[in-house]
Each structure stands twice: as structure tokens, then as C-alpha cells.
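The values are calculated or read from the model by the stated rules, or taken from the named source; none is laboratory data. Since the model is a prediction, treat every value here as computed from it, not as a measurement. Using ideal geometry, Cβ is built from the backbone for each residue, glycine included, and neighbour counts are taken over all protein chains shown.
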Amino acid sequence: MREDEEDDVAMLEVKDLHVTVDGREILKGLDLTVNKGEIHAIMGPNGSGKSTLAHVLAGKDQYEVTGGSVTFEGVDLLALEPDERAAKGLFLAFQYPLEIPGVTTMNFLRTAINAQRKKRHELELTAPEFIKKVREASAKLGVDQEMLRRPVNVGFSGGEKKRNEILQMALLEPKLGVLDETDSGLDIDALKIVADGVNRLRSAERSMIVITHYQRLLNHIVPDIVHVLSRGRIVRTGGKELALELEAKGYAGYQDEAA
Amino acid sequence: MTELRPIKTAAETALAEAFASAKARLPGDREVAARREAAFRRFEADGLPSRRTEEWKYTDLRALMRDAKPLAVPPAARALQPQALGDALPGIAALNVAIVNGVYAPGWSDAGAGDPGVTITELFAWLAEHTDFRLDRAVPEPVDLALALNSAFMTGGAVVHVRKGARVDRPIHLACRFVGDSPAAMYPRTLVFVEPGAQVTLIETCDGPAGLDYQINGALALVVGDGAQVERIKIGNEGAKALHIETIMASIGARASYREFAFTSGSAVTRNQLFLRCSGEGSNVRIAGANLLKDRQHVDSTLVVDHAAGGCESREVFKSVLEDESRAVFQGKIVVRPQAQKTDGKMMTQALLLSEKAEADNKPELEIFADDVQCGHGATAGRLDENLLFYLRARGIPAKEAEALLIQAFVGEAIDGIGHEGVRDMLNGRVAAWLEARG
């Protein structure tokens, strides 16, 4: 084994992934390699399998992997429970963040952070440490302290929910963030706030997969690599200019191509 | 054609024998004795309520009560250890009123050193001085077979009197205990009179040995005067084999506020039945409960809220968390009399089924005779939301912990309605401990 092997291992390596939902094959041999520090955009028409990919990476039950492999820093991701994946550094920003009545955002955040730290054999945060961290992160995102005392996402606007997702990502400090249509339902102001939040989290150590239907998010979060997903496969890969091309021409060509 | 009568069960036969042998020595004067006799005849005519009795349809006492235990023997004074009560309400300074083995236990109580606004008297001593007292005039007294048994056997109890306008700082703690080595039966009765304008919190705790199948059939009459503010919290923590029945009869005065919360995690079978009448205009009533059940535990919350005066608001919120083969029954009836215009009544019950074999039965009923009212009811029963669980797990929270967080939140919504902060914290702690034990 070579000493520098760790540097060669991709952050995420998806090989020939086949996924079935309710007996229907959605992903049909997807390949994707994301290296440390890279931002990948995955674009595609509705029903191409974008959200399925996001959920299968995070470990949702109803998605059956029928073939292929996914490794995360060389570890078999598919063998792990969703909470183990999170503790290893995978974060999924939900397209539709859920409301949790009766659980305050503060309690939720503290439970999540400390559960991950415990799993990684790190010391749990003390109350003052935690509060300081949350204050700093929420101030940057313009998240109101009052909102943190309310039950998670209950009565939040679409923009507030998405901001809350990014706040969670900022606090959980994942190695790989998967943003599932984070732009959906956002007006331009909310989109900017969320994109700025994401951009602040960019680093040479952190990778991201930005899943989106529209190019406009990519004006704000500029990707290194753009993939087109169609009918369960990556059909084209290019630089950030590919997003602009898609915006101009639409997905029609890809749907035909895959048919 | 002859009338078909079910043969007597072993429990019914034992109850008849117990009454015959005990009636001469049960406390009370001749008038009390006559009322005991009449009550027992009423019970005997129908026997233990079963599925055929509409009000007891889901709690078939004929099947659930296999036998009748002998009447509990009052414990010797030296067996009473006051510190045993202290554990029930950690951190809460309360005025203790102990009912041990079905009788008032002054040795465990704080009657003398109590609050100047509160008087506590032994039940039969009080009845002897108030020969004109009629239960059915003070509170709604239902025709009910369990209550009839309590009226026949009444072993003892306390009478709590809160003076007009008194603000009682310390909660009054009605501590119901069974101490004994073999199964026994108790029929305590407590009367609580809260005079107009008074403010008081009543906390009732029920406890007993885990390994004994003892039986408690209690009754509580509560008169809340005009403008009074009363909160009653019951914490049912009976031993795992116990049978617990309590009938509460309450009359709520004009512009009064009454809040009730019943928490049950103990006993094999519990039936809490509340008969409440809004007697004066403009009162506010909140009745809530939470049950945390496992194994084959059975808890029945039955209530009748009778709006006899206009402009009153009543709210009911019940939550049950059901593991294994446990069962929660909710029967709620709102009655709105013709004169009770501007009534606002709403009921909500929710059950969380954590196992395939758990069961929740809901029977809401509305009987509305006035035309300018707002009444409604709702019920839900289901499992933990898979999508919510996934959301929590995707944030790194392990499955069991995620479940516990959601269950705590579910029950917490009901517990948050409790006014007394100390009890609220304590019950949230109980829920956490229950979840911890669930593993």
C-alpha cells in the first residue's frame, strides 16, 4: 500500500449504479467521480433521476440498489446507515425540508451535532460552545434567533426552510454536501442568500454536488464540472459553460438522445 | 320466554360475598349504610360492565377483572414512612394528603402544618358533620357500575376545602398508595371544594407494588366555585399488574378555569372517567392526557363534558404512545344543553402506534341542543412518520434516538399545556426515562 494512497482516493466514486423504486428502474448505470474540493452540478429534466441519486446517496430506505457501487473516501457507502453516512461527512440538503412539530431547531441542531461527534469519538459540544457556534453561523445566514427557538421548519416560508438547510450544513461541516434542488421555490433574493451561504462553505477540503433543473442557481454557485443526467445516466459532462448551453437549448435533445 | 341473564362471574360472586361480610364494619352512620346498600343493589342488578354496556364497550370489566380482592387492611402507623411520599414529586414542595390502602393517612399528611387557606378532614368525620350533603346536588353523579361499587364499599378518603379567594402557593398532593404483601381492593373517595375566587393546583399520584394485582376503584368529587382557578394533574404510576379505576365528578362555576392533565404509564388496566358539568357561564375547561403504554397495558379515558351554561369553552387533547399489544381507548362526549348558547368545544385525540398489535379506539360524540355553538372533534392514529425519521437520520441521529426525539415531541405537545412548571419538567423527564427504558 502506498503512503499517499489517501490523496488518490476520490471523495465520491459512483460506478454503474442501478436503482429501482417501487419496481421501476430509475438509475440505469450511473457513473460519477467527485474529487476533494470540487463542485459538481448535476442538471437534467424532470424524472431523469436527480432526486433519486440524492436520496440513494443519503441512504433512504425505499430506494433499492440493484447494481453497482458507491464509495465515499474509499468506504462502501451503501453498507452504512443514513446516520453513519452523515457522521462520515455526507450531508443532503433536502428539496422539501420537513417540519418537525415539538422539536425546536436548537434542540434538533444540538442533537444532530453531538450524535455525529459521538459517532466519530469526538467530545460532545458543551452548551456555551454550541450556542456560540449557532449564533455565528445563523448571523452569517441572516437566520433570526427567534426562528431557532421555534419547532424545526414549522410555519417557515420556503426561503426560511432552505436557509435552515444551509445553516445545518454550516454547523455539521460535512466533507460532501449534496444540494437537492435547493433553488426550487426561491425568489431571487432568497436564492442569493442561500447561494452566498453555500459559497462561504466552499473549501479545498469540501466537495459539493449541486442538483438543479435550472441554470440560474449556477450563476451564483459556480461549478467546476457540469453533468447532464437523462433517463438514469450521466449522458454528458463538461465545464460550467455546459449549463449555459442547456439554458439556451433546453433538455429536449437529451430526452431524445436517451430514448 | 325467560329473560337471559349471564351467570355471575367469579369476581361478581366475590364482590357480593365481600359486601355481605364487610357492610357491618364499613365506616359511616345509618344513612351512609343505607346508601351503600342501595348502591350495591344497583351494581348487582347489572353486574360488572361488559361489552354490552355501551359506556364500557372497549373496557370489558367482566373480562378484565377476573376476581375481586379482599378489602385492604389499613397499614399500621409505624409502617408509614413519610419520606416515601417525597419521592413522588421530586423538587416540588407540596401539601401532602395521603390516602393509603384506601383510607386517609394523617401520619403521611401535612394537614396541620399546611396552608391557612386549606382544610383537610377525614371523609367520614366530615360526612358526619354535613348530614345534609348530597353528592348529586354538588356534582354530576352518573349512573355507572364502577361508581356504584365505590359508593357501596367506600373505604375512606379525605375532604379538601379551599377557602374563598385563597391563593394556595404549594400544590395539594393527593398521594394514593397501596402498601401490602398480598393483593387487595381499595375504594377511596375524596371530595374537593374550591370556593369562589380561590386558586389551587391539585396533584394526584398513584403508586403501588409492581408484582401485586391489587385493585383501586376510587372516586373524586370536585366543586370549583365561581371565578376559581384549578389545575389538577394526575400521575398514574400504579404497579404493572394493578387495576385502577377512577371516577371524577366535577362542577365548574361561572368564569372559573379548570385544567386537567392525566398521565398514565403504570398499571395493567386503567379507566379514568370524568363527568364534568360547566354549571356557570363563561368558564374555561382544558382536559388533556398522555399515555405511554407497553406490553398488554390498557388505558381508557372516558369523559362527558356537559355544557349546562352558555359561553363556556372546553378543549380536550389526548395523546397515546402504544408499544407491543397495548391499547388506548378514548371516549369523549360533549353535551350542549339548549340554554348553553355560544359554547365552544373541541376534542382531539392522537395515537402513535409503535407496533402492529397495538390498538387505539376513539369514540367522539357530540350531543348539541343549542343552535349557536362551535363544536368539533378530530382523531388520528398512525406510526412514526418515515420521512421525518429519515430527515433526522440524514442529520446523523441514530434511528432509536430519532424515534425517541419524535415521540418526546409528540407527547410534549400535550405536556406543554400543563400550567405547573415543576410538574411539566418532571413529566418530560418521565417520558425521557420511558423512552430510555424502551431501548
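Structure above, values below:
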quantity	calculated
Strands (runs of 3 or more DSSP E) within the range B:122-218 that include 1 or more residues of a type in the set (S, T, N, Q), closer than 26 Å to B:W56 by Cα and modelled with pLDDT of 95 or more	B:189-194, B:199-207
Residue, farthest from A:D187 (Cα to Cα), within the range A:148-161, restricted to residues that are touching a helix residue (DSSP H, G or I) at 6+ places or on another chain (Cβ under 6 Å) and more than 14 Å from every other protein chain (Cβ to nearest Cβ)	A:L148
Looking only at the range B:373-389, and only at residues there that are surrounded by 13 or more Cβ atoms within 10 Å (Cβ to Cβ) and over 19 Å from B:A404 (Cα atoms), the one that is farthest from the other protein chains (Cβ to nearest Cβ)	B:V373
Filter result for the condition that a residue is within 28 Å of A:T111 (Cα to Cα) and facing chain A (nearest Cβ under 10 Å), over B:A432, B:A437, B:A399	B:A399
Filter pass, B:L322 being closer than 30 Å to A:K60 by Cβ and either within 14 Å of another protein chain (Cβ to nearest Cβ) or surrounded by fewer than 19 Cβ atoms within 10 Å (Cβ to Cβ) (or both)	no
Restricting the range B:8-31 to residues that are assigned to a loop (DSSP other than H, G, I, E, B) and small (G, A, S), the residue that is farthest from the chain's Cα centre (by Cα)	B:A24
Selection status of B:A210, small (G, A, S) and touching a Leu at 6+ places or on another chain (Cβ under 9 Å)	no
All positions within the range B:294-306 that are assigned to a strand (DSSP E or B), of a type outside the set (V, I, T) and either touching a residue at least 40 places away in the same chain (Cβ under 8 Å) or on the phi > 0 side of the Ramachandran plot (or both)	B:H298, B:D300, B:D306
Members of the range A:73-87 found to be away from chain B (no Cβ under 14 Å) and of a type outside the set (D, E), listed by number	A:G74, A:V75, A:L78, A:A79
Scope the range A:48-68; condition more than 11 Å from the chain's Cα centre (by Cα), touching a residue at least 40 places away in the same chain (Cβ under 8 Å) and within 12 Å of chain B (Cβ to nearest Cβ); matching residues	A:Q62, A:Y63
Evaluation of B:R315 against (1) surrounded by fewer than 22 Cβ atoms within 10 Å (Cβ to Cβ); (2) within 25 Å of B:R189 (Cβ to Cβ) (one fails), failing number	(2)
Filter pass, A:I193 being surrounded by 15 or more Cβ atoms within 10 Å (Cβ to Cβ), of a type outside the set (D, E, K, R) and under 17 Å from A:S157 (Cβ atoms)	yes
Breaking point among (1) among the basic types (K, R); (2) within 14 Å of chain B (Cβ to nearest Cβ); (3) assigned to a loop (DSSP other than H, G, I, E, B); (4) over 30 Å from A:G250 (Cβ atoms), for A:K36	(2)
Among the residues listed as B:G282, B:G253, B:G239, B:G289, the single one being within 24 Å of B:D416 (Cβ to Cβ) and either touching a strand residue (DSSP E or B) at 6+ places or on another chain (Cβ under 9 Å) or not assigned by TED's automatic domain parsing to the domain that holds B:G157 (or both)	B:G289
Test: residue in the range B:338-345 that is away from every other protein chain (no Cβ under 14 Å) and among the charged types (D, E, K, R)	yes
Test: residue in the range A:118-127 that is part of a helix (DSSP H, G or I), surrounded by 19 or more Cβ atoms within 10 Å (Cβ to Cβ) and either more than 9 Å from chain B (Cβ to nearest Cβ) or free of Cβ contacts under 8 Å to residues at least 40 places away in the same chain (or both)	no
Filter result for the condition that a residue is in contact with an Asp or Glu (Cβ under 7 Å, 6 or more places away or on another chain) and at pLDDT 95 or above, over A:V210, A:V152	A:V152
Answer residue from the range A:92-103, given it is buried (at least 17 other Cβ atoms within 10 Å of the Cβ) and more than 8 Å from chain B (Cβ to nearest Cβ) and is modelled with the highest pLDDT among those	A:A93
